[in-house]
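> Quick one: the structure is below, questions incoming.
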Amino acid sequence: MMALGQTVKAQSEIVAAVRELSVRAADCPELMKNVVRLLAAERPYYSWTGFYLIDGAQTLVLGPYQGKPSPHTRIPLNQGICGAAASTGEALIVDDVNADPRYLACSLETRSEIVVPIKREGKVLGEIDIDSDQPAAFSDEDRRLLEEIAEIVAGRL
Ligand code: SME
């Protein structure tokens, strides 16, 4: 829950801030670190925020993240909600992770998840993965925000 009087940036302000981070970052890992920090600060219901990048052809490898350490540091493309989003190249929103047989648990508190692929010229290079401790936390607005951020990050990969 947000503290009284706390304000969060609007979607367009976050995208503008990520563009600024992208220009200033020395490399993509630095950009990704700053993006997870920004998102965790601006969207309090994002309980775990991280990047996975595709290594070789078949595995997602955990990159910068903020939240509890995840046991899933490498995820094959045929496993998990992360693997499903990377395989189809389409964003996935899961309102109740415990009702989705694909779900790989990261934390017992997680209730919902969004995964947005990072693509360049149609090819999936990685993804942004966010868990929430709130059920059905993610809307199309989150998807649009994260798709814009994914496009900016793709430009630095
Ligand atoms: N829940 C993901 C695994 C990654 S952790 O949430 C960080 C999945 O089902 O693919």
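The values are calculated or read from the model by the stated rules, or taken from the named source; none is laboratory data. Bear in mind the structure is a predicted one, so any value in this text is a computation, not a measurement. So basically every Cβ, Gly included, is an ideal-geometry build from the backbone, and we count neighbours across all protein chains shown.
> Any residue that is free of Cβ contacts under 8 Å to residues at least 60 places away in the same chain, within 10 Å of the ligand (Cβ to nearest atom) and within 11 Å of the chain's Cα centre (by Cα) - is there at least one of those in the stretch 45-61? Show your work before the answer.
Initially, the stretch 45-61 is screened for residues free of Cβ contacts under 8 Å to residues at least 60 places away in the same chain, giving 55-59, 61.
Applying the additional criterion that residues be within 10 Å of the ligand (Cβ to nearest atom) yields none.
The answer is no, given that none of the residues of the stretch 45-61 is free of Cβ contacts under 8 Å to residues at least 60 places away in the same chain, within 10 Å of the ligand (Cβ to nearest atom) and within 11 Å of the chain's Cα centre (by Cα).
> Look through A57, A40, A17 and report the one residue that is over 21 Å from A136 (Cα atoms) and outside any loop (DSSP other than H, G, I, E, B). Quick ask: steps written out before the conclusion?
Working: A57 fails: outside any loop (DSSP other than H, G, I, E, B); A40 fails: over 21 Å from A136 (Cα atoms).
Only one candidate qualifies: A17.
> So V115 clears everything in (1) at pLDDT 95 or above; (2) more than 8 Å from the ligand (Cβ to nearest atom); (3) closer than 19 Å to A150 by Cβ except one condition, right? Which one?
Among (1) at pLDDT 95 or above; (2) more than 8 Å from the ligand (Cβ to nearest atom); (3) closer than 19 Å to A150 by Cβ, V115 violates only (2).
Residue by residue, here is whether (1) loosely packed, with under 15 Cβ neighbours inside 10 Å; (2) on the phi > 0 side of the Ramachandran plot holds:
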{"position": "T88", "(1), (2)": "yes, no"}
{"position": "I93", "(1), (2)": "no, no"}
{"position": "D96", "(1), (2)": "yes, no"}
{"position": "I114", "(1), (2)": "no, no"}
{"position": "E121", "(1), (2)": "yes, yes"}
{"position": "V124", "(1), (2)": "no, no"}
{"position": "I130", "(1), (2)": "no, no"}
{"position": "D133", "(1), (2)": "no, no"}
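> Whether any residue in the stretch 137-145 is within 15 Å of the ligand (Cβ to nearest atom) and within 21 Å of S22 (Cβ to Cβ) is what I want to check.
Of the stretch 137-145, the ones within 15 Å of the ligand (Cβ to nearest atom) are 137-138.
From what is left, the residues that are within 21 Å of S22 (Cβ to Cβ) are none.
The answer is no; no qualifying residue exists.
> Could you tell me how many of the residues in the stretch 101-112 are more than 7 Å from the ligand (Cβ to nearest atom), free of Cβ contacts under 8 Å to residues at least 60 places away in the same chain and not in a strand (DSSP E or B)?
Kept after step one, since they are more than 7 Å from the ligand (Cβ to nearest atom), are these residues of the stretch 101-112: 101, 107-109, 111-112.
In the following step, the residues that additionally are free of Cβ contacts under 8 Å to residues at least 60 places away in the same chain were identified as 101, 108, 111-112.
Checking the rest, the ones that are also not in a strand (DSSP E or B) come to 101, 108, 111.
Number of matching residues: 3.
> Could you tell me whether the stretch 88-100 includes any residue that is assigned to a loop (DSSP other than H, G, I, E, B), within 11 Å of the ligand (Cβ to nearest atom) and more than 25 Å from E141 (Cα to Cα)? Give the derivation first.
Just the residues of the stretch 88-100 that are assigned to a loop (DSSP other than H, G, I, E, B), to begin with: 89-91, 95-96, 100.
From what is left, the residues that are within 11 Å of the ligand (Cβ to nearest atom) are 100.
Still in the list and also more than 25 Å from E141 (Cα to Cα): none.
No: the stretch 88-100 contains no residue that is assigned to a loop (DSSP other than H, G, I, E, B), within 11 Å of the ligand (Cβ to nearest atom) and more than 25 Å from E141 (Cα to Cα).
> Turning to a different aspect of this structure: Take G80 and decide whether it is closer than 25 Å to E141 by Cβ, of a type in the set (G, A, S) and in contact with a His (Cβ under 9 Å, 6 or more places away or on another chain).
On the way: closer than 25 Å to E141 by Cβ: yes; of a type in the set (G, A, S): yes; in contact with a His (Cβ under 9 Å, 6 or more places away or on another chain): yes.
Spelling it out, G80 is indeed closer than 25 Å to E141 by Cβ, of a type in the set (G, A, S) and in contact with a His (Cβ under 9 Å, 6 or more places away or on another chain).
> With respect to G83, determine if the residue is of a type outside the set (F, W, Y), at pLDDT 95 or above, touching a Leu at 6+ places or on another chain (Cβ under 8 Å) and in a strand (DSSP E or B). Walk me through how you get there before you give the answer.
Working: of a type outside the set (F, W, Y): yes; at pLDDT 95 or above: yes; touching a Leu at 6+ places or on another chain (Cβ under 8 Å): yes; in a strand (DSSP E or B): no.
Considered against the rule, which asks whether it is of a type outside the set (F, W, Y), at pLDDT 95 or above, touching a Leu at 6+ places or on another chain (Cβ under 8 Å) and in a strand (DSSP E or B), G83 comes out as no.
> Do the conditions hold for Q66, that is, is it in contact (Cβ under 8 Å) with a residue 12 or more places away in the chain, more than 10 Å from the ligand (Cβ to nearest atom) and surrounded by 14 or more Cβ atoms within 10 Å (Cβ to Cβ)?
Numbers: in contact (Cβ under 8 Å) with a residue 12 or more places away in the chain: yes; more than 10 Å from the ligand (Cβ to nearest atom): yes; surrounded by 14 or more Cβ atoms within 10 Å (Cβ to Cβ): yes.
In short, yes.
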